[in-house]
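Structure first, commentary second.
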Amino acid sequence: MRHLIWVLTLFFVAFVAPLAAQTGVKPAADFPATAHLFDYDQKQPLDIHDTVIEEFDGGTLHDITYTSPKGGAVGAYLIVPKGKGPFAAVVFGHWGNGTRAEFIPEAKLYARSGAVSLIPDYPWDRPQPWHKSPDHFDKPEVDREIEIQAVVDLRRGIDLLLARPDVDPKRLAYVGHSYGAQWGSILSAVDKRMKTSVLMAGVAEMADILLRSDDPGMVDFRKTQPAGQLEKYSQVTGDIDAIHFVGKAAPIPLLLQFANYEQYFDKTSMQHYVAAASDPKKVLYYDTGHDLNDPQALEDRYDWLVKFINLGREPVLTH
């Protein structure tokens with residue numbers, strides 16, 4: 001027993017402590033306790049309302065709502081292939097400055113390849129009375145709860161897809177961009193129903209943007225904030241930063257996509273993210289900015305999903 005304790009202590013001193021020193025990340029709370037922040041009642045009715053808004057070559061685009069376990073209705077686009085299935089399924093998490101429309105073209109492509117896709121919005125994208133504005137930098141506890149709801153609503157979206165008789169429950173993937181990557185790191189740690197997760201332009205810690213980014217807009221923004229406010233905000237919300245979860249994704253394989261010309265956080269943040277991420281993982285970089293609009297990034301996501309959820313493969317630019 002003494003030998004085991006000595007070995008574990010040596011491991012901490014040699015590996016864990018230096019990583020914490022390099023990243024500046026405070027040790028997260030006990031992971032099981034933190035994971036419970038994202039618990040919800042799966043038995044609640046989804047109460048789905050569905051309107052078909054477009055028929056396209058390969059499927060249909062639906063505008064739907066379903067009930068959030070945290071209250072209110074979640075708006076989402078549901079893209080359904082033609083045919084009877086069983087289909088693969090993909091849940092998308094869009095970036096924070098975007099909307100659920102971000103991934104419609106990609107979801108249509110995957111529909112032609114045999115996947116049902118769901119693209120939910122976030123609590124701050126919803127109409128009144130369900131709208132929940134973020135960026136309460138003077139009230140970080142409020143934003144923390146809103147972000148927890150965003151993750152819970154994505155988990156509820158997984159429930160919705162897996163309740164469909166035309167979906168193969170063994171062929172579910174998650175694709176998230178920016179904020180969507182942060183939620184995806186949490187999902188991959190607390191919900192093992194995904195066959196794989198693709199995390200695009202994910203930041204290790206929000207403090208990497210709020211406190212350390214050299215983006216001119218962020219530099220100017222910091223000057224307008226009261227002394228210590230952003231530091232407190234980063235501390236209060238920091239327990240749900242991606243870096244505390246992405247290491248718990250195994251056995252879910254991760255595809256991590258980063259921009260070489262990322263404007264919001266630096267290569268050090270990416271390195272911390274990659275180092276923390278569990279195996280198996282693949283890491284790719286592209287000569288683009290945060291939007292990751294390099295066509296090769298789409299090609300690589302597509303190939304990854306072909307491999308892990310058995311999509312058909314069509315040329316990306318033929319439609």
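Tell me, which residue of the range 92-113 that is in a loop (DSSP other than H, G, I, E, B) and open to solvent by 10 Å² or more (accessible area, probe 1.4 Å) is nearest to ASP168 (Cα to Cα)? Talk me through it step by step, then tell me what you get.
Let us first name the residues in the range 92-113 that are in a loop (DSSP other than H, G, I, E, B), namely 94-99, 113.
If we keep only those that are open to solvent by 10 Å² or more (accessible area, probe 1.4 Å) as well, we get 95-99, 113.
On the way: TRP95: 27, GLY96: 29, ASN97: 32, GLY98: 29, THR99: 27, SER113: 14 Å.
Of everything passing the filter in the range 92-113, SER113 is nearest to ASP168 (Cα to Cα).
Tell me, please, whether a residue that is part of a loop (DSSP other than H, G, I, E, B) and either closer than 28 Å to ILE309 by Cα or not small (Gly, Ala, Ser) (or both) can be found in the range 231-239.
Of all residues in the range 231-239, those part of a loop (DSSP other than H, G, I, E, B) come to none.
No, that holds for no residue.
Please go through the range 145-183 and give me each residue that is within 12 Å of the chain's Cα centre (by Cα) and open to solvent by 20 Å² or more (accessible area, probe 1.4 Å), ordered by number.
ARG155, SER178, TYR179
Report whether or not SER234 is in contact with a Pro (Cβ under 9 Å, 6 or more places away or on another chain) and open to solvent by 10 Å² or more (accessible area, probe 1.4 Å). Show your work before the answer.
Numbers: in contact with a Pro (Cβ under 9 Å, 6 or more places away or on another chain): yes; open to solvent by 10 Å² or more (accessible area, probe 1.4 Å): yes.
So SER234 passes the test.
So, in the range 215-230, exactly how many residues are outside any helix (DSSP H, G or I), closer than 27 Å to TYR261 by Cβ and not acidic (Asp, Glu)? Full working, then the answer.
We begin by selecting, within the range 215-230, every residue outside any helix (DSSP H, G or I); these are 215, 225-228.
If we keep only those that are closer than 27 Å to TYR261 by Cβ as well, we get 215, 225.
Within this subset, residues satisfying the condition of being not acidic (Asp, Glu) are 225.
Total satisfying the criteria: 1.
Could you count how many residues in the range 184-214 are assigned to a loop (DSSP other than H, G, I, E, B) and either aliphatic (A, V, I, L, M) or open to solvent by less than 30 Å² (accessible area, probe 1.4 Å) (or both)?
10
Any residue at all in the range 25-41 that is open to solvent by less than 30 Å² (accessible area, probe 1.4 Å), at pLDDT 95 or above and of a type in the set (A, V, I, L, M)? Walk me through how you get there before you give the answer.
Of all residues in the range 25-41, those open to solvent by less than 30 Å² (accessible area, probe 1.4 Å) come to 25, 34-35, 38.
After this cut, where a residue has to be at pLDDT 95 or above as well, the list is 38.
Next cut, of a type in the set (A, V, I, L, M) only: none.
No, the range 25-41 contains no residue that is open to solvent by less than 30 Å² (accessible area, probe 1.4 Å), at pLDDT 95 or above and of a type in the set (A, V, I, L, M).
Look through ARG193, ARG155 and report the one residue that is at pLDDT 95 or above, closer than 27 Å to PRO45 by Cβ and touching an Asp or Glu at 6+ places or on another chain (Cβ under 6 Å). It would help to see each step written out before you state the result.
On the way: ARG193 fails: touching an Asp or Glu at 6+ places or on another chain (Cβ under 6 Å).
Exactly one of ARG193, ARG155 is at pLDDT 95 or above, closer than 27 Å to PRO45 by Cβ and touching an Asp or Glu at 6+ places or on another chain (Cβ under 6 Å), namely ARG155.
Pull up the range 50-60, narrow it to residues that are part of a strand (DSSP E or B) and open to solvent by 10 Å² or more (accessible area, probe 1.4 Å), then point me to the one that is nearest to VAL116 (Cα to Cα). I'd like the intermediate steps shown before the answer.
Our first condition is that a residue be part of a strand (DSSP E or B); within the range 50-60, this holds for 50-56, 59-60.
Then drop every residue that is not open to solvent by 10 Å² or more (accessible area, probe 1.4 Å), which leaves 50-56, 60.
Numbers: ASP50: 15, THR51: 16, VAL52: 14, ILE53: 16, GLU54: 15, GLU55: 14, PHE56: 14, THR60: 10 Å.
For the range 50-60, the residue satisfying everything is THR60.
Just name the residue that is surrounded by the fewest Cβ atoms within 10 Å (Cβ to Cβ) out of those in the range 114-130 that are over 20 Å from the mean Cα position of the chain (by Cα) and of a type outside the set (Phe, Trp, Tyr).
The initial filter retains those residues of the range 114-130 that are over 20 Å from the mean Cα position of the chain (by Cα), namely 114, 127-130.
After this cut, where a residue has to be of a type outside the set (Phe, Trp, Tyr) as well, the list is 114, 127-129.
On the way: GLY114: 21, PRO127: 10, GLN128: 6, PRO129: 8.
Once the filter is applied, the top-ranked residue is GLN128.
Take GLY312 and tell me if it is part of a loop (DSSP other than H, G, I, E, B) and surrounded by 14 or more Cβ atoms within 10 Å (Cβ to Cβ). I'd like the intermediate steps shown before the answer.
Working: part of a loop (DSSP other than H, G, I, E, B): yes; surrounded by 14 or more Cβ atoms within 10 Å (Cβ to Cβ): no.
So GLY312 fails the test.
Let me spell it out: the conditions are (1) of a type outside the set (D, E, K, R); (2) open to solvent by less than 10 Å² (accessible area, probe 1.4 Å); (3) in a helix (DSSP H, G or I), and VAL142 meets all of them except one. Which number is the exception?
Tallying (1) of a type outside the set (D, E, K, R); (2) open to solvent by less than 10 Å² (accessible area, probe 1.4 Å); (3) in a helix (DSSP H, G or I), VAL142 fails exactly one: (2).
In the list LEU317, LEU298, which residue meets the criterion of being open to solvent by 30 Å² or more (accessible area, probe 1.4 Å), part of a helix (DSSP H, G or I), at pLDDT below 95 and out of contact with any Cys (no Cβ under 7 Å at 6 or more places or on another chain)? Break it down stepwise before answering.
On the way: LEU298 fails: at pLDDT below 95.
Within the list LEU317, LEU298, the selection yields LEU317.
Select from the range 240-262 the residues that are loosely packed, with under 15 Cβ neighbours inside 10 Å, under 17 Å from ASN293 (Cβ atoms) and of a type outside the set (Ser, Thr, Tyr) and list them in ascending order.
The initial filter retains those residues of the range 240-262 that are loosely packed, with under 15 Cβ neighbours inside 10 Å, namely 251, 260-261.
With under 17 Å from ASN293 (Cβ atoms) added as a condition, the list becomes 260-261.
Answer for the range 240-262, where residues must be loosely packed, with under 15 Cβ neighbours inside 10 Å, under 17 Å from ASN293 (Cβ atoms) and of a type outside the set (Ser, Thr, Tyr): just ASN260.
Going by the structure shown, is LYS267 over 21 Å from HIS290 (Cβ atoms), surrounded by fewer than 23 Cβ atoms within 10 Å (Cβ to Cβ) and charged (D, E, K, R)? Can you show your working first?
Values: over 21 Å from HIS290 (Cβ atoms): no; surrounded by fewer than 23 Cβ atoms within 10 Å (Cβ to Cβ): yes; charged (D, E, K, R): yes.
For LYS267, the condition - over 21 Å from HIS290 (Cβ atoms), surrounded by fewer than 23 Cβ atoms within 10 Å (Cβ to Cβ) and charged (D, E, K, R) - is not met.
Can you find a residue in the range 149-156 that is touching a Phe, Trp or Tyr at 6+ places or on another chain (Cβ under 9 Å), among the polar types (S, T, N, Q) and touching a residue at least 12 places away in the same chain (Cβ under 8 Å)? Quick ask: steps written out before the conclusion?
Of the residues in the range 149-156, the ones touching a Phe, Trp or Tyr at 6+ places or on another chain (Cβ under 9 Å) are 149-156.
Applying the additional criterion that residues be among the polar types (S, T, N, Q) yields 149.
Narrowing further to those that are touching a residue at least 12 places away in the same chain (Cβ under 8 Å): 149.
Looking for residues that are touching a Phe, Trp or Tyr at 6+ places or on another chain (Cβ under 9 Å), among the polar types (S, T, N, Q) and touching a residue at least 12 places away in the same chain (Cβ under 8 Å), one finds at least one in the range 149-156, hence yes.
Filtering the range 270-280 down to residues that are among the small types (Gly, Ala, Ser) and part of a loop (DSSP other than H, G, I, E, B), which residue is surrounded by the fewest Cβ atoms within 10 Å (Cβ to Cβ)? First the steps, then the outcome.
Pass one, the range 270-280, residues among the small types (Gly, Ala, Ser): 275-278.
Filter once more, so that each one left must be part of a loop (DSSP other than H, G, I, E, B): 277-278.
Details: ALA277: 25, SER278: 17.
In this case the residue turns out to be SER278.
Would you check which residues across the range 67-80 are in a strand (DSSP E or B), over 19 Å from the mean Cα position of the chain (by Cα) and farther than 25 Å from ASN293 by Cα and list them?
The answer is THR67, ALA73.
With respect to VAL283, is the statement that it is open to solvent by 10 Å² or more (accessible area, probe 1.4 Å), part of a strand (DSSP E or B) and of a type outside the set (D, E, K, R) true?
Working: open to solvent by 10 Å² or more (accessible area, probe 1.4 Å): yes; part of a strand (DSSP E or B): yes; of a type outside the set (D, E, K, R): yes.
Considered against the rule, which asks whether it is open to solvent by 10 Å² or more (accessible area, probe 1.4 Å), part of a strand (DSSP E or B) and of a type outside the set (D, E, K, R), VAL283 comes out as yes.
The values are calculated or read from the model by the stated rules, or taken from the named source; none is laboratory data. All figures in this text were calculated on a predicted structure; none of them were measured in a lab. Positions of Cβ are generated from backbone atoms using ideal geometry, with glycine treated the same way; all protein chains shown enter the neighbour counts. Note: accessible area is taken over every heavy atom of the protein model, side chains too, but ligands, DNA and RNA are not part of it. Shrake-Rupley method; radii C 1.70, N 1.55, O 1.52, S 1.80 Å.
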